[in-house]
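Enquirer: Before we start, here is the structure in question, set down as structure tokens.
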Amino acid sequence: MLLGAVLLSSCTDDAILNRKERRITGTWKFERVTFRQDWEIFPDNVLGFYEDDRITFHQDYTATYDDDSQRALFEGDWSIYLERDVDDDRTIFVDMQFYDHVNDEIFSYFAEITFLTHRKMKMTVITNDGRYRYKLLKG
């Protein structure tokens with residue numbers, strides 16, 4: 001009986017979000033980035049735009065984006081969400097916003113987390129122009 005209660009409580013939405021938050025906290029480096037316009041069959045490798053950039057998710061829901069090519073550090077925040085569809089399937093999203101002090105504007109990512117472990121994360125971002133797929137490694 002106790003085992004059943006533990007198993008049920010470990011699958012709640014809050015428990016899932018807590019596990020994802022613990023996994024996402026830390027510094028991530030871009031390993032692979034592809035972009036595919038809506039009408040294209042094959043994606044383009046666009047890692048060069050992100051190479052040596054890093055995103056750090058802090059436990060207090062602040063974040064930093066270290067843009068190596070601009071030699072700039074952008075401060076911001078992040079949130080994580082869990083949504084359920086009509087079939088009761090769960091989807092995890094992370095919302096990141098950063099202040100670009102160089103251009104005096106805010107840039108953001110609203111990404112679906114498609115895979116997340118303590119060392120690897122995959123995200124998909126859909127824009128008006130197409131779809132980005134990110135693979136990040138912790139460290």
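The values are calculated or read from the model by the stated rules, or taken from the named source; none is laboratory data. Predicted model only: the values in this text are computed from it and were never measured. In this analysis, Cβ positions are derived from the backbone assuming ideal geometry, glycine residues included, and neighbour counts consider all displayed protein chains.
Enquirer: Could you run through the stretch 11-36 and say how many residues are exposed (fewer than 14 other Cβ atoms within 10 Å of the Cβ) and hydrophobic (A, V, I, L, M, F, W, C)?
Expert: Of the residues in that region, 2 qualify.
Enquirer: Next question. Going through Glu21, Glu31, Glu51 one at a time, which residue ends up being in contact (Cβ under 8 Å) with a residue 24 or more places away in the chain and not in a strand (DSSP E or B)?
Expert: Matching residue, one of Glu21, Glu31, Glu51: Glu21.
Enquirer: Something else: Does Phe57 satisfy the criteria of being touching a Pro at 6+ places or on another chain (Cβ under 7 Å), modelled with pLDDT of 95 or more, surrounded by 12 or more Cβ atoms within 10 Å (Cβ to Cβ) and aromatic (Phe, Trp, Tyr)?
Expert: Against the criterion (touching a Pro at 6+ places or on another chain (Cβ under 7 Å), modelled with pLDDT of 95 or more, surrounded by 12 or more Cβ atoms within 10 Å (Cβ to Cβ) and aromatic (Phe, Trp, Tyr)), Phe57 does not qualify.
Residue-wise test of (1) among the aliphatic types (A, V, I, L, M); (2) more than 15 Å from Phe30 (Cβ to Cβ); (3) loosely packed, with under 14 Cβ neighbours inside 10 Å.
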{"site": "Ile80", "(1), (2), (3)": "yes, yes, no"}
{"site": "Arg84", "(1), (2), (3)": "no, yes, yes"}
{"site": "Thr91", "(1), (2), (3)": "no, yes, yes"}
{"site": "Thr114", "(1), (2), (3)": "no, yes, no"}
{"site": "Val125", "(1), (2), (3)": "yes, no, no"}
{"site": "Asn128", "(1), (2), (3)": "no, yes, yes"}
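Enquirer: Further question: Go through the stretch 54-82 and count every residue that is of a type in the set (D, E, K, R) and in a loop (DSSP other than H, G, I, E, B).
Expert: Residues flagged as of a type in the set (D, E, K, R) and in a loop (DSSP other than H, G, I, E, B) within the stretch 54-82 amount to 3.
Enquirer: Only one of (1) touching a residue at least 60 places away in the same chain (Cβ under 8 Å); (2) out of contact with any Lys or Arg (no Cβ under 7 Å at 6 or more places or on another chain); (3) of a type in the set (A, V, I, L, M, F, W, C) is not met by Ala15, so which one is it?
Expert: Unmet for Ala15, out of (1) touching a residue at least 60 places away in the same chain (Cβ under 8 Å); (2) out of contact with any Lys or Arg (no Cβ under 7 Å at 6 or more places or on another chain); (3) of a type in the set (A, V, I, L, M, F, W, C): (1).
Enquirer: Residues being in a strand (DSSP E or B), more than 12 Å from the chain's Cα centre (by Cα) and among the basic types (Lys, Arg): count how many of those fall in the stretch 83-126.
Expert: Within the stretch 83-126, residues that are in a strand (DSSP E or B), more than 12 Å from the chain's Cα centre (by Cα) and among the basic types (Lys, Arg) number 2.
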